[in-house]
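**Q** Sharing a structure, written as structure tokens. Questions coming.
The values are calculated or read from the model by the stated rules, or taken from the named source; none is laboratory data. Values in this document were obtained by computation on a predicted structure and should not be read as measured data. Quick reminder, even Gly has a Cβ in these numbers, built from the backbone with ideal geometry, and neighbours come from all protein chains shown. SASA here: full protein model, heavy atoms, side chains in, ligands and nucleic acids out. Shrake-Rupley method; radii C 1.70, N 1.55, O 1.52, S 1.80 Å.
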Amino acid sequence: MENHKKGYFGRYGGQYVPEMLMPALLELEAAYAEAKANASFWKELDQCLRNYVGRPTPLYRAAKLSAARGGDRGDSGPRIYLKREDLAHTGAHKINNTLGQVLLAKYMGKKEIIAETGAGQHGVATATAAALFGMSCRVYMGIKDIERQQQNVKRMQLLGADVIPVHQGSQTLKDAINEALRDWVTNVRQTHYVMGSVVGPHPYPNMVRDFQSVIGREARAQILEQEGRLPDMLIACVGGGSNAMGLFSPFFDADVCLVGVEAAGEGLYTGHHSATLSKGEEGVLHGTFSLLLQDEHGQVLEAHSVAPGLDYPGVGPEHANLKTVGKADYVSVTDEEALEAVMTLSRSEGIIPALESAHAVAHVLKILPDLPRSHCVIINLSGRGDKDLNIITDHLEGRI
């Protein structure tokens, strides 16, 4: 999906950063290129993923979820599978990337780790990896996200991380990234910034995609074992886009429909949403040229979603390119639809999904009655819902 120009996917990507940050990006690019060719690096990472994270995560056929909307018509009906990233250590896909990046930082001789977090899962995963490899860790988090993700804040602190509240701007993920980048510029010699998604300047979109591609590689082997063929459709939620890119990228060579599900929030025409690929325009955010939510003056708009990890006003440049070239389709799901999907999956399968993942589930529930009987669909269940219980119960009061 890349073009000949370094760090670009079609016309999206690049390195739009202050000059003082370029040496750090060039150092990181060189270190990652060296690590990619280093068998010892991948052997150590593979051992961590297997023995510490618990990979491979299961690919589970959710027959009762399908039946809940009249989709499962026996063995001849559409077959819905969940890639259970919620069962990975720390409860989400984020650990795949943080272990890779913190291990790379170790190879680079760095001593300190910086990260940002929205829903808290990336922060927890980064704090976990930093503790594992014996490094100090600072995590920037918007004060609004701190208030609604107290459980994850306490987890990060227990793991030894310093959680730094961000009061600027929208007080959510966008502003946490801004503060983390400022910290990195100031302390670049001894620190590594662990970007949490396939966003930011090159080489982050490539590197995070590569570390998350373990999801799709496993899913591809697992579905071939269980079904004897590749799926017809892959579905994943998209905020910055790392879990979706991790699932999609190992299937780029196959005739498989790729569907990313964004947060429509209160509705696409209310102005309270995070549907960057549906409503965004081209611009620069956090060091990369991609699509983002902005006003007529080019000012970045505040994003909204009931899912803390989806309220980001930008998206990874590779996703922007996939949409442009027609390789992937992008749709959106409202807060209410996502909350209903949480309840449906919880009661049909005994699995409480993260609100982010519930967006992907909700889209499948909408299209399920119209899917061909022969269809096979994989949903990336990117995280578990423990962190969201307060939000879920507040919104579904009276229905639980």
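**Q** Quantify, in whole percent, the carbon and sulfur part of the accessible surface of region 112-253 (1.4 Å probe; protein heavy atoms only).
**A** 49
**Q** With a Förster radius of 35 Å, plug the Cβ-Cβ distance of Ala254 and His167 into 1/(1 + (r/R0)^6) and report the FRET value to the nearest 0.05.
**A** Calculated transfer efficiency: 0.15.
**Q** Just order 268-281, 46-59 by mean Cβ neighbour count inside 10 Å, highest at the front, would you?
**A** 268-281, 46-59
**Q** Given the rule -39500 (n - 2.57) for each run of at least 4 DSSP H residues, summed and divided by the residues of the chain, what is its mean residue ellipticity at 222 nm, to the nearest 500 deg cm²/dmol?
**A** Only helices count here, giving -12000 deg cm²/dmol.
**Q** Note down the nm distance, to one decimal, between modelled labels 7 Å out along Cα→Cβ at Arg182 and at Glu19.
**A** For Arg182 paired with Glu19, the spin-label model returns 2.2 nm.
**Q** How would you order 233-242, 387-396, 198-207 from highest to lowest mean count of nearby Cβ atoms within 10 Å?
**A** 233-242, 198-207, 387-396
**Q** Skipping prolines and chain starts, which residues have an amide H placed within reach, meaning under 5 Å, of the one on Gln294, given they are 5 or more residues away or on another chain?
**A** Here the answer is Glu281, Leu301, since their amide H atoms fall under 5 Å of that of Gln294.
**Q** Return the label of the correct value of Rg and Dmax of the Cα atoms in Å, as calculated from the structure shown, out of (1) 22.8, 70; (2) 20.1, 66; (3) 19.6, 60.
**A** (3)
**Q** In terms of the Cα gyration tensor, with a ≥ b ≥ c the square roots of its eigenvalues, is region 106-207 rounded because a/c is under 1.5, prolate because a/b exceeds b/c, or oblate?
**A** Since a/c reaches 1.5 but b/c is at least a/b, the shape of region 106-207 is classed as oblate.
**Q** Further, regarding this structure: Tell me, what is the per residue accessible area of the chain in Å², probe radius 1.4 Å?
**A** Here the residues of the chain average 37 Å² of exposed surface.
**Q** Related question: Could you check the spin-label model distance between Glu336 and Ser136? Points 7 Å from the Cα along Cα→Cβ, value in nm.
**A** Taking the simple label geometry, Glu336 and Ser136 are separated by 5.0 nm.
**Q** Please compare each pair in Lys6/Lys144; Lys6/Lys94; Lys6/Lys327; Lys43/Lys64; Lys144/Lys279; Lys110/Lys323 to a cut-off of 32 Å on the Cα-Cα distance and tell me which ones are over it.
**A** The pairs that break the limit, which is 32 Å between Cα atoms, are Lys6/Lys144; Lys43/Lys64; Lys110/Lys323.
**Q** Classify region 208-304 from the C-alpha gyration tensor, please: rounded if a/c falls under 1.5, else prolate or oblate depending on whether a/b exceeds b/c.
**A** On the way: a/c = 3.19, a/b = 2.15, b/c = 1.49.
Note, shape of region 208-304 comes out prolate.
**Q** Let me ask something else about it. By per-residue mean of other Cβ atoms within 10 Å, what is the highest-first order of 251-260, 371-380, 307-316, 111-120?
**A** Most protected by this proxy first, the peptides run 307-316, 111-120, 371-380, 251-260.
**Q** Tell me the label-point distance for the pair Leu230, Thr324, using the 7 Å Cα-to-Cβ offset, in nm and rounded to one decimal.
**A** 2.4
**Q** While we're looking at this one, here's another question. How much length, in nm to one decimal, is gained on full extension between Ser374 and Tyr107, taken as 0.36 nm per residue of separation minus their Cα-Cα distance?
**A** Gain on extension, Ser374 to Tyr107, equals 91.4 nm.
**Q** Okay, next question. Can you list residues from other chains, or at least 5 along the same chain, whose modelled amide H is less than 5 Å from the amide H of Thr288?
**A** Under 5 Å from the amide H of Thr288: Tyr16, Gly200.
**Q** By the gyration tensor of its Cα atoms, with a ≥ b ≥ c the square roots of the eigenvalues, what is the shape of region 249-339: rounded for a/c under 1.5, prolate for a/b over b/c, or oblate?
**A** Oblate is the answer for region 249-339, as a/c is 1.5 or above yet b/c matches or exceeds a/b.
**Q** OK, next. Considering only protein heavy atoms and a probe of 1.4 Å, how much of the accessible area of region 278-400 is carbon and sulfur, as a whole percent? Could you put the intermediate results ahead of the total?
**A** Working: 2180 of 4610 Å².
So the carbon and sulfur contribution to the accessible surface is 47 percent.
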